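Got a structure for you, questions after.
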Amino acid sequence: MYSSRNRIFSGKGSIREYLVPIVKSIDSEIESTSENYILTVSEEQYSEYLIDKYSVELPEIHFSEVYADSYEKEISSEDYPSRFDAYRGEKYKRPVIQFFVPVSGNSEVLKYFPGINSITIGGRSTDFEVENSNLKLEVIDFYNDPIKVKQIFDENVNNSHRKFNDLLSDIKMFNSSLNSHITEKIRERKAKFLQKNEFMSSLGVPLKKKFDTSQTFSVPKPNLRTKISIVKPSVSNEAFKPEPTLNNEIYNQILKLINDIGKNFERLPSIYKDKGEEDLRDHIIMTLDPNFEYGSVTGETFNKTGKTDIQLRYDSSVIFIAECKFWTGEKGYLKTISQLLNYLTWRDTKASVIIFVRQKEFSSILEKVKEVTSLHDNYLGFVSKSDENWFNYRFHLNGDKNREVKLAIQLFHLP
């Protein structure tokens, strides 16, 4: 009576057979994406798109909304219980009760039995079959006994629960694994293109400009004393300038040092009492500069180019900026972020907003920052919390969500 391909938890084999092709499709899509797109798109946004596209929708079985129907069908004598007097080879009409249980979400996965890494053993069998957006169970009424028919339905429902829960667990595990898998694949492909570009640029000869030549290149990992070395590939088109980026490891070292300096402000209140923004800014620069070497460039690595900001520049581009401000309230805080973003034009720039707080309720201001940061028009998302006073976010430059800024918000409590 049942189509073997539509049988619940068995019709099409293990759920692994459903999920493995999805992983292959993800890998194929990333591998077929152009070099220019991989190197210019925001990793986080591309990952979010792929996760949303390939996540498996969870099914939901609504057993409480079951409904029934009936019809007559000729039943072969071989299918009758042994106690019935039925002649071999004959067929007899019997009422068939149909139970329909609505299913929302992805009903197709219900045709697979659970077990991503191993075959799930245990649990009694069930005779439901998946039919469009329903589970269907047909029970032949041999005894004209509604209680017995309902009992068969209830047994099938009970037998379905364990395997259904195991299947949901497998799908949730798969969905939660997509972020790390997709991010790794994107970064592998990006690293491959970056390595190729850096190799080609090291040949020391003019390079033929391709239409999709990357506009992003990486800063190699430095040796301590931390050397900020930026590789600039050579291109034949003089109007084209690749966009420099600051290595994430160096960026985190800079932020860690700023955090240590700010904590020192807090530990020695008598020294920094009554100091203004520019004095505190200059002290940060004075501490940062000896710790980093800007390639072969002599002189200051970190420069004060405005009243309160600290900048690390490459040619005419800003690859790191820190804006120092005293806390004046929510509007002033959001305005500071806007002011900082207006300085930036390059993709994948790193930045920090350094907030000095003289108000007594420091913890309430930390909570306020958590609440209002997402209200900024350029906000993309929260990344992590590195310390009680240090939050990392993603923002985008004006007019282009792919031109992403990594922004740290660092707050320090001063007397």
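Read the figures in this text as sums done on the coordinates, not as results from a lab. Bear in mind the structure is a predicted one, so any value in this text is a computation, not a measurement. Cβ sites come from the backbone with ideal geometry, for glycine too, and all protein chains shown count toward neighbours.
What does the charge count near I8 come to, summing +1 for each Lys or Arg and -1 for each Asp or Glu among other residues with Cβ under 12 Å from its Cβ?
Its environment carries a net charge of +2.
If you count, for each residue, the other Cβ atoms within 10 Å and average over each peptide, how do 377-387, 181-191, 129-139 line up from highest to lowest?
129-139, 181-191, 377-387
I've got another one for you. Using label points projected 7 Å from each Cα along Cα→Cβ, tell me how many nm separate E249 and N158, to one decimal.
Going from the E249 label point to the N158 one covers 6.1 nm.
Please compute the net charge surrounding M173, taking Lys and Arg as +1 and Asp and Glu as -1 over other residues with Cβ under 13 Å from its Cβ.
Net of charged neighbours comes to 0.
Please give me the summed charge of the neighbours of D127: other residues whose Cβ is under 9 Å from its Cβ, Lys and Arg +1, Asp and Glu -1.
Overall, the nearby charge balance is -1.
Using modelled amide H (1.01 Å from N, peptide plane; none on Pro or chain starts), what sits under 5 Å from the amide H of V405, excluding residues fewer than 5 places away?
Close amide H contacts, sequence-distant or interchain: F395, H396, L397.
Pop the C-beta distance of E266 and T287 into the FRET formula with R0 = 22 Å and round what comes out to the nearest 0.05.
Between E266 and T287 the formula returns 0.90.
I've got another one for you. Roughly how far apart, in whole Å, are the Cα centres of the range 4-81 and the range 339-409?
39 Å
Full extension from R187 to E29: what is 0.36 nm times the residue separation minus their Cα-Cα distance, to one decimal in nm? Each step should come with its number before you reach the end.
Working: separation 158, 0.36 × 158 = 56.88 nm, distance 1.39 nm.
Roughly 55.5 nm would be gained on extension.
Next question. Classify the range 330-375 as rounded, prolate or oblate, taking a ≥ b ≥ c as the square roots of the eigenvalues of its Cα gyration tensor: rounded when a/c is under 1.5, otherwise prolate if a/b is larger than b/c and oblate if not. Present the calculation step by step, with values, prior to reporting the outcome.
Details: a/c = 2.45, a/b = 2.17, b/c = 1.13.
Prolate is the answer for the range 330-375, as a/c is 1.5 or above and a/b outweighs b/c.
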